[in-house]
2 protein chains.
Amino acid sequence: MPPTLEEVAKLAGVSRSTVSRVINQQPNVRPEVRERVWEVIRQTGYQPHAAARSLATRRTRVIGLVIPQAVTTLFTDPYFPIFMRGVADACNAHNYHLMLSLFSHRRAQGAPTSQDALYQQILRSRYLDGVVVSSATLDDPVFHHLLEDGVPFVIAGRYPHERANYVDVDNVVGARMAVEHLLRLGHERIATITGPLNMFAAQDRLEGYRQALTARGIPIDEHLIVEGDFTEQGGQAAMKRLLPYRPTAVFAASDMMAIGALKALREDGLRVPEDIALVGFDDVPLASMVDPALTTVRQPIEQLGSMAVELLISLLENPQRETVHRVVLPTELVIRASCGVRVR
Amino acid sequence: MPPTLEEVAKLAGVSRSTVSRVINQQPNVRPEVRERVWEVIRQTGYQPHAAARSLATRRTRVIGLVIPQAVTTLFTDPYFPIFMRGVADACNAHNYHLMLSLFSHRRAQGAPTSQDALYQQILRSRYLDGVVVSSATLDDPVFHHLLEDGVPFVIAGRYPHERANYVDVDNVVGARMAVEHLLRLGHERIATITGPLNMFAAQDRLEGYRQALTARGIPIDEHLIVEGDFTEQGGQAAMKRLLPYRPTAVFAASDMMAIGALKALREDGLRVPEDIALVGFDDVPLASMVDPALTTVRQPIEQLGSMAVELLISLLENPQRETVHRVVLPTELVIRASCGVRVR
DNA sequence: ATTCTTGCTGAGAGCGCTCCCAAACGCCAG
DNA sequence: CTGGCGTTTGGGAGCGCTCTCAGCAAGAAT
């Protein structure tokens, strides 16, 4: 049975209040008393009871990481673990704890509780001080619940609601850079494999693609735009659909899809970059390891995760400021072999 | 301000106790009263306050997933996300919540709190009912803390302590099957790239390797045993060290290391499987996607995660049973192209 | 010497829930 | 009509903490 505040107080010969002041680093405790209390705390291994503290303070120091729906993608794409590491690191650094809420579809069928009910349950039960949402689709009900229940939250990815705080990378510019690079190399029939278009990141990257072509006066050929789902298989399938239209270059909106496309091309006997140029997006570690190494748009995935947490924490700890926070991180074109430029 | 039990009670014209009985599905409430209470709960969107409940019941319905030390590996190896999905699914299914504790080394230097202190803090503050530990090294201090503080826990992977519950796969048999397969194909100079030998999984797979050779009367050549670290780079480096000893086949203790080895071989101008046979371990999705597709030992990673959680929950909900629970899941040899047998 | 600060300490109430116990309420048998 | 019994209900205490407020001592100001 671990000791309580009360017991520590008795052992140190002071009152509960004083011990409470000591652990919460409040002033107005005589140094010698403070030291005596610390000594007892050390000896007993006392640690405040989280639930009791939460009940009194109405804060838990726990933030949630909610990853809805598209779970399948997330577990095949290296993006996710990297993002999570950023999140976890930032939590550790600020002494917050991380609650992970993953919802897979399978849960839906025959499960005692619907995903929707689960959201509500978690949010309303005040387990969490705030929430980071990643990779949600535009229509995900989680946003509705979050706003309704007034739970502070930060989205990793853009979201157009006046009360939505988010951290995003500049997907439009990133995609445009990628396509502009292909244009510069002389390509004109440039195809794109998009992400699922119910996600902003996918929409924005498509927008960047369009902008680059339009700026160059090249008309958009809708046949050269195929929707993928951010997975390798999806990329492979999309590439197959693209092949009849004979693009000379492809911009895939994620590295995993690019790798899938690579496979489809290889199966078709096409060489990259000799026969067709390929550019990805994300710069996951795998991108530099495939053959040919992937030219891609690097986004600071880990930083995205930690920034989201930092933002959320600053929101939690300065509730007076009603301002909405939005951060957009830059992307960077990483030129490797797959686009057909010799790398020195 | 969300409603409290008290308020729901007032609205339904009953006492706190009755509402509590309704929420906790206890008997001895008149059906009509029960229905009336439910109605109010529905209308108000009432959800019990987690902290208050925990304080009274001394349970949180939160379990921790602790992933110590070797974080780097974990974030490049697809093993980890798959395992986590199993864990998350099982939690969802049982209405438990998942707290994720990742500790990266970087945290160590200059951080306000040491990893050790963090463990203690989390465990002692009673945030968690129990803990699942994955991928720990043998000497990880977390085990000490867990045992000392009497926190129920389940390890994913073997651990030789009389009070340690674990879920593991049969690494010895799996490795032996892999090597026996290579023997059957006529190989005699079989090398192995082990995992970090301060992990049981690595030790056990090495043991399987040894058993297979010894059973066949082939002496162990220590030059053919090289320690890796479960990463692709590690596998690549290990393979390079192995090359001078000219093995005709290699058993890598993880798919990622096998893929690294593949790279090293290719760089050296060797073809797989023609010049050298290669077998991996894990059967991560990537294994079937590389060229040549990897022969490997499949372990039920996701099931490992969910079993660990199920075990832990059964421990938590039947505390009377003092028995130690140990589950060992079977592995399965998956024959693909990299070992040199034509797959029909 | 008296009042006013100021710094330190302790007591009490309360956070929202559970759980034990006693009271109230039938209902049936005697 | 009363006693006994099982079911249903309500009240109180308590889980371990924080936080406000009042008390107290000691030094500063009058």
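Each value in this text was obtained by applying a stated rule to the coordinates, not by laboratory testing. Predicted model, so just to flag it, every value in this text is computed and none were measured. FYI the Cβ positions are ideal-geometry reconstructions off the backbone, even for glycines, and counts take in every protein chain you see.
Looking at the range A:1-21, which of the residues that are assigned to a loop (DSSP other than H, G, I, E, B) and within 14 Å of another protein chain (Cβ to nearest Cβ) is nearest to DNA strand C (Cβ to nearest atom)? Ranking the qualifying residues of the range A:1-21, first place goes to A:THR4. Residues in the range A:121-137 that are more than 14 Å from chain B (Cβ to nearest Cβ) and either under 22 Å from B:HIS49 (Cβ atoms) or touching a Leu at 6+ places or on another chain (Cβ under 9 Å) (or both): A:GLY130, A:VAL133. Do we have any residue at all in the range A:206-222 that's in contact (Cβ under 8 Å) with a residue 60 or more places away in the chain and within 19 Å of A:ALA277 (Cα to Cα)? There is no residue in the range A:206-222 that is in contact (Cβ under 8 Å) with a residue 60 or more places away in the chain and within 19 Å of A:ALA277 (Cα to Cα). If the condition is being closer than 19 Å to B:ALA90 by Cβ and more than 17 Å from the chain's Cα centre (by Cα), then the range B:128-158 contributes B:LEU128, B:ASP129, B:VAL151. Note on the range A:29-65: residues that are surrounded by fewer than 17 Cβ atoms within 10 Å (Cβ to Cβ), near DNA strand D (Cβ under 9 Å from one of its atoms) and either farther than 30 Å from B:PRO48 by Cα or without any contact (Cβ under 8 Å) to a residue 24 or more places away in the chain (or both) amount to 2.
Residues in the range B:168-207 that are within 17 Å of B:ILE301 (Cβ to Cβ), among the hydrophobic types (A, V, I, L, M, F, W, C) and not in a helix (DSSP H, G or I): B:VAL169, B:MET199.
When residues in the range A:144-183 are screened for being more than 20 Å from A:MET99 (Cβ to Cβ) and touching a Ser or Thr at 6+ places or on another chain (Cβ under 6 Å), 3 of them pass. Scanning the range A:12-28 for residues being polar (S, T, N, Q) and more than 10 Å from DNA strand D (Cβ to nearest atom) gives a total of 1.
Can you tell me which residues in the range A:23-64 are in contact with a Leu (Cβ under 6 Å, 6 or more places away or on another chain) and near DNA strand C (Cβ under 9 Å from one of its atoms)? Once the filter is applied, which keeps residues that are in contact with a Leu (Cβ under 6 Å, 6 or more places away or on another chain) and near DNA strand C (Cβ under 9 Å from one of its atoms), the range A:23-64 yields A:ALA51, A:ALA52, A:LEU55.
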